[in-house]
1. Dividing the convex hull volume of the Cα atoms of segment 151-245 by its residue count, what figure in Å³ per residue is obtained?
2. How large is the dipole of segment 99-196 about the Cα centre if only Lys and Arg carry +1 and Asp and Glu carry -1, each at its Cβ, rounded to the nearest 20 debye?
3. From the Cα trace of segment 5-59, what convex hull volume per residue do you get, rounded to a whole Å³?
4. For the chain, give me the percentage of DSSP beta bridges that are antiparallel, rounded to the nearest 5 percent.
5. For segment 180-321, just say rounded, prolate or oblate: build the C-alpha gyration tensor, square-root its eigenvalues into a ≥ b ≥ c, call rounded for a/c under 1.5, and beyond that prolate if a/b exceeds b/c, oblate if not.
6. Taking the Cα centroid of segment 257-314 and of segment 150-195, what is the distance between the two, rounded to the nearest whole Å?
7. Name the residues whose placed amide hydrogens come within less than 5 Å of the amide hydrogen of residue 375, ignoring near sequence neighbours (fewer than 5 apart) on the same chain.
8. With a cap of 14 neighbouring Cβ atoms within 10 Å, and only residues DSSP puts in a loop, list the GluC sites (Glu not before Pro) found in segment 195-284.
Amino acid sequence: TQGKAIQCKAAVAYEAKKPLVVQDVIVDAPKAHEVRIKIMNTAICHTDAYTLSGVDPEGLFPCILGHEGSGIVESIGEGVTSVKVGDHVIPLYTAECQKCKFCKSGKTNLCGAVRETQGKGVMPDGTSRFHTLEGKDIFHFMGCSTFSEYTVVADVSVVAIDKKVSLEPASLLGCGVTTGFGAAVKAANVQKGDTVAVFGAGTVGLSVVQGARMRGCSKVIVVDINDEKKQFSYDFGATDFVNPMTDLKDGETIVNKLISMTDGGLDYTFDCTGNVHVMRNALEACHKGWGQSFIIGVAAAGQEISTRPFQLVTGRVWRGTAFGDIKGRTDMPQLLDDYEKGLLKIDEFITHRRQFDEINDGFEDLHMGTCLRTVLKF
Ligand code: NAD
Ligand code: AHE
Ligand code: ZN
């Protein structure tokens, strides 16, 4: 069912820091082992703004951003068996080929199949499926490019989902919700009674919170500098909220405060801010001997983390997770099931809805404390 090139609407990022240009583009037919998807919904993740700001070493322009979306398979290239035309799908920025050294290791969700070309903004054969009407190539982004009415992804970078689940909430499983929830329940595998602190109450952080509460953690402390995140935090299951700008006594640091709230420190902490100073605090707030700190936030090129090595010598563990350690094709059915059973909140993150043409306003929404996710509709 290989189709022809399609002309459709997309938002093109021509330059860092400049608004996206909503215009018609050409989307080629999928080649072998590729899938063309009609995107129905796409949200805007903080990482799209990060790359658009020009500080992502892998940011290439012109490109079509977007990696948190859902849609319907329009056509498939030769040899595609993972999905069929008409399937409802989520594009995956963390592919799962099930054949490479990474996939077979049983130790990671990272996949080696397409990551190198993905980082170069092209399909696995080294070329782009996106072009301007004048024939100039446009780069892909994170193997997804959901800011286009039609996109082409590798067959290992897509998962079919149950048609019972509405495509609008499903879009958030493409990144934010899955990343945070997976970080708590899979990467950290938090258990009943554990104490947890989450730095940054965006969609990622609040999804860590809901994973921790689902597991019965005894304390789930949210740390955010924006008081507008307090109510959201309680709604998603936090037991405490601390604003380091206003809630610390003279001479008290956020690390001291968290240690005193938890009889010596936390079992698990999560950075969901991308701020390297916050990452250090998150590590140092961990309990001596066993506390583990997970870096989820994405920091700009050139930024580095630091701490006294003694923090690690004395048993704290510093690690990170991409996409919450979730294997997109294997684990997604379980997440959808959790959503259907009401164990995983998704709809509650959709604070704003817009037509695709208003995508630049959607990026502005991100700056408001009252916005968790803006979902765009074509
Ligand atoms: P967001 O902007 O919606 O949320 C970030 C939150 O952090 C905001 O509530 C903000 O007020 C808070 N914050 C900022 N500075 C802070 C500070 N100094 N102390 C405490 N809180 C602070 O972003 P999001 O979409 O939830 O994404 C969070 C981070 O995770 C981003 O860096 C994003 O790029 C990254 N991310 C990583 C992965 C991954 O797989 N590793 C996946 C998705 C997103
Ligand atoms: N391109 C950046 C790194 C960006 C990054 O860390 N991306 C996260 C996902 S953010 C989703 O919102 C990630 O999963 N990375 C693992 C991977 O394979 O990309 C840079 O610094 O080069
Ligand atoms: Zn994202």
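1. Enclosed volume per residue, from the Cα hull, is 129 Å³.
2. Rounded to the nearest 20 debye, it is 520 debye.
3. Dividing the Cα hull volume of segment 5-59 by its residues yields 111 Å³.
4. Antiparallel: roughly 55 percent of the beta bridges in the chain.
5. Verdict is rounded for segment 180-321.
6. 25 Å
7. 352, 353, 354
8. Qualifying residues, ordered by number: 228, 252.
Laboratory data are not the source of any read-out in this text; all were calculated from the coordinates shown. Keep in mind that this is a model prediction, so the values were computed, not measured. Note that each Cβ is placed from the backbone with ideal geometry, even for glycine, and that neighbours are counted across all protein chains shown.
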